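Everything below concerns the one structure shown next.
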Amino acid sequence: MSEAEAYVPPKVWTWNKENGGRFASINRPIAGPTHEKDLPVGRHPLQLYSLGTPNGVKVTVMLEELLARGHAGAEYDAWLINIGAGDQFGSGFVEVNPNSKIPALMDRSGPKPIRVFESGAILIHLAEKFGEFLPTEPAARAETLSWLMWLMGSAPFLGGGFGHFYAYAPFKIEYAIDRYAMEVKRQLDVLDRRLAESEYLGGAEYTIADIATWPWYGAVAKGVVYGAGEFLGVDEYKHVQRWTDQIAERPAVKRGRMVNRTFGEPSSQLRERHDAGDFETRTQDKLEPEKAGA
């Protein structure tokens, strides 16, 4: 479609699978499972079903941070959900998350398993369960939750908005890219102004607001998402850069970002995690299970 051609919406929209871009094979306008498939269950109280995208990294970083603070009850199994293959539409996964998006968590530590879906909800659940990374003092708690909700509302503009039209759409649309680039830069400016006055988003302490925001905007700040760092002029956001580097140096963050990761250098990947020792004894089947036994 050329820019000169004006799109006139039809009276009733219909699903055109041939016009979905890179993810046409898994995008659809209906919910529910496409096939029967039970989810595996490991031996730990927390069972995570995820992928090493920014939303998945939020939760694995949180779990590794909890373990680093000595909470043995935060031990977890992290099972890989291959969204490109449609694993998120299996019946077992849909039972845990009816929205068919990663991550999804089953908390089996009590008498009745609890399902938790949406990454922000998982972070709050874990923070309250273990009493970490969410202040109890009312003003600090409100500030932290406000920034967490800011991220949950802002990230779709970065991922599904800017990222889709800049990197994945079947053709470039100047209006769409300009519109979402403007919004992403506005968001970066919001972050930069906040981080100019505060070490972390919620205040002086590292919280779930930082854990949620860093996988998205930290990656943007380093130009590793969509290859758009220069396009977005990320170097100008000096306080975001400082905050990004500071969080990246945390040992738990370094571990958490590896879990369920299926891209990048093999040394950066731990496709599934079932024990803390997996970081040191990563075998070929954990790195590339489809090649195991080949």
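The values are calculated or read from the model by the stated rules, or taken from the named source; none is laboratory data. Predicted model, so just to flag it, every value in this text is computed and none were measured. Glycine gets a Cβ as well: all are built from the backbone with ideal geometry, and neighbour counts include every protein chain shown.
As an exercise: evaluate residue 68 against (1) surrounded by 13 or more Cβ atoms within 10 Å (Cβ to Cβ); (2) out of contact with any strand residue (DSSP E or B) (no Cβ under 9 Å at 6 or more places or on another chain); (3) farther than 30 Å from residue 251 by Cα and give the number of the one condition it does not meet.
(3)
Confirm whether residue 278 is on the phi < 0 side of the Ramachandran plot, buried (at least 17 other Cβ atoms within 10 Å of the Cβ) and either without any contact (Cβ under 8 Å) to a residue 40 or more places away in the chain or outside any helix (DSSP H, G or I) (or both). Before you say what the answer is, go through the steps one by one.
Details: on the phi < 0 side of the Ramachandran plot: yes; buried (at least 17 other Cβ atoms within 10 Å of the Cβ): yes; either without any contact (Cβ under 8 Å) to a residue 40 or more places away in the chain or outside any helix (DSSP H, G or I) (or both): yes.
Judged against the criteria, residue 278 is a match.
Looking at residue 155, is it free of Cβ contacts under 8 Å to residues at least 24 places away in the same chain, in a helix (DSSP H, G or I) and among the small types (Gly, Ala, Ser)? Give the steps one after another, and end with the answer.
On the way: free of Cβ contacts under 8 Å to residues at least 24 places away in the same chain: no; in a helix (DSSP H, G or I): yes; among the small types (Gly, Ala, Ser): yes.
No, not satisfied.
Check residue 127 against each of (1) in contact with a Leu (Cβ under 6 Å, 6 or more places away or on another chain); (2) assigned to a strand (DSSP E or B) and name the one condition it does not meet.
Unmet condition: (2).
Considering only region 62-92, state which residues are part of a strand (DSSP E or B) and either over 25 Å from residue 129 (Cα atoms) or assigned by TED's automatic domain parsing to the domain that holds residue 212 (or both).
Filtering region 62-92 for residues part of a strand (DSSP E or B) gives 76-80, 90.
Passing the criteria: only 90.
Applying the selection to region 97-125, what residues are buried (at least 20 other Cβ atoms within 10 Å of the Cβ), of a type in the set (Val, Ile, Thr) and farther than 18 Å from residue 66 by Cα?
Within region 97-125, 102 is the sole residue that qualifies.
Please specify each residue of region 130-142 satisfying the condition of being under 22 Å from the mean Cα position of the chain (by Cα) and in a helix (DSSP H, G or I).
The answer is 130, and nothing else.
Based on this model, can you work out whether residue 229 counts as out of contact with any helix residue (DSSP H, G or I) (no Cβ under 9 Å at 6 or more places or on another chain), modelled with pLDDT of 90 or more and either more than 21 Å from residue 87 (Cβ to Cβ) or in the same structural domain as residue 72 (by TED's automatic domain parsing) (or both)?
no
Please return the ranges of helices (runs of 4 or more DSSP H) entirely within region 175-269 where 1 or more residues are under 22 Å from residue 121 (Cβ atoms). It would help to see each step written out before you state the result.
Working: elements: 208-213, 229-232, 238-248, 251-256.
In region 175-269, 208-213, 238-248, 251-256 are the helices (runs of 4 or more DSSP H) which contain 1 or more residues that are under 22 Å from residue 121 (Cβ atoms).
Anything in region 98-108 that is over 16 Å from residue 27 (Cβ atoms) and either under 15 Å from the mean Cα position of the chain (by Cα) or outside any loop (DSSP other than H, G, I, E, B) (or both)? List them, or say none.
First, the residues of region 98-108 that are over 16 Å from residue 27 (Cβ atoms): 98, 103-108.
Matches in region 98-108: 103, 104, 105, 106, 107.
Give the residue, chosen from 161, 120, 153, 131, that is in contact with an Asp or Glu (Cβ under 9 Å, 6 or more places away or on another chain) and either under 27 Å from residue 76 (Cβ atoms) or modelled with pLDDT of 95 or more (or both).
Details: 120 fails: in contact with an Asp or Glu (Cβ under 9 Å, 6 or more places away or on another chain); 153 fails: in contact with an Asp or Glu (Cβ under 9 Å, 6 or more places away or on another chain); 131 fails: in contact with an Asp or Glu (Cβ under 9 Å, 6 or more places away or on another chain).
Of the residues listed, the single one that is in contact with an Asp or Glu (Cβ under 9 Å, 6 or more places away or on another chain) and either under 27 Å from residue 76 (Cβ atoms) or modelled with pLDDT of 95 or more (or both) is 161.
For region 48-64, which positions are in contact with a Phe, Trp or Tyr (Cβ under 7 Å, 6 or more places away or on another chain) and of a type outside the set (A, V, I, L, M)?
49, 54
Any residue that is in contact with a helix residue (DSSP H, G or I) (Cβ under 7 Å, 6 or more places away or on another chain) and more than 24 Å from residue 27 (Cβ to Cβ) - is there at least one of those in region 77-89? I'd like the intermediate steps shown before the answer.
Quick first cut of region 77-89, residues in contact with a helix residue (DSSP H, G or I) (Cβ under 7 Å, 6 or more places away or on another chain) only: 78, 81, 87.
Narrowing further to those that are more than 24 Å from residue 27 (Cβ to Cβ): 78.
Yes, there is a match, as at least one residue in region 77-89 is in contact with a helix residue (DSSP H, G or I) (Cβ under 7 Å, 6 or more places away or on another chain) and more than 24 Å from residue 27 (Cβ to Cβ).
Among the numbered criteria (1) more than 22 Å from the chain's Cα centre (by Cα); (2) farther than 17 Å from residue 231 by Cα, which one does residue 145 miss?
Among (1) more than 22 Å from the chain's Cα centre (by Cα); (2) farther than 17 Å from residue 231 by Cα, the lone unmet condition for residue 145 is (1).
Any residue in region 20-33 that's aliphatic (A, V, I, L, M): show its pairings with residues that are at pLDDT 85 or above and not in a loop (DSSP other than H, G, I, E, B) at Cβ separation under 9 Å, as long as the two are six or more apart or on different chains.
26/83; 26/84; 26/85; 26/88; 26/89; 31/94
Within region 8-33, can you find the residues that are modelled with pLDDT under 85 and more than 17 Å from residue 160 (Cα to Cα)?
The initial filter retains those residues of region 8-33 that are modelled with pLDDT under 85, namely 16-26.
Once the filter is applied, which keeps residues that are modelled with pLDDT under 85 and more than 17 Å from residue 160 (Cα to Cα), region 8-33 yields 16, 17, 18.
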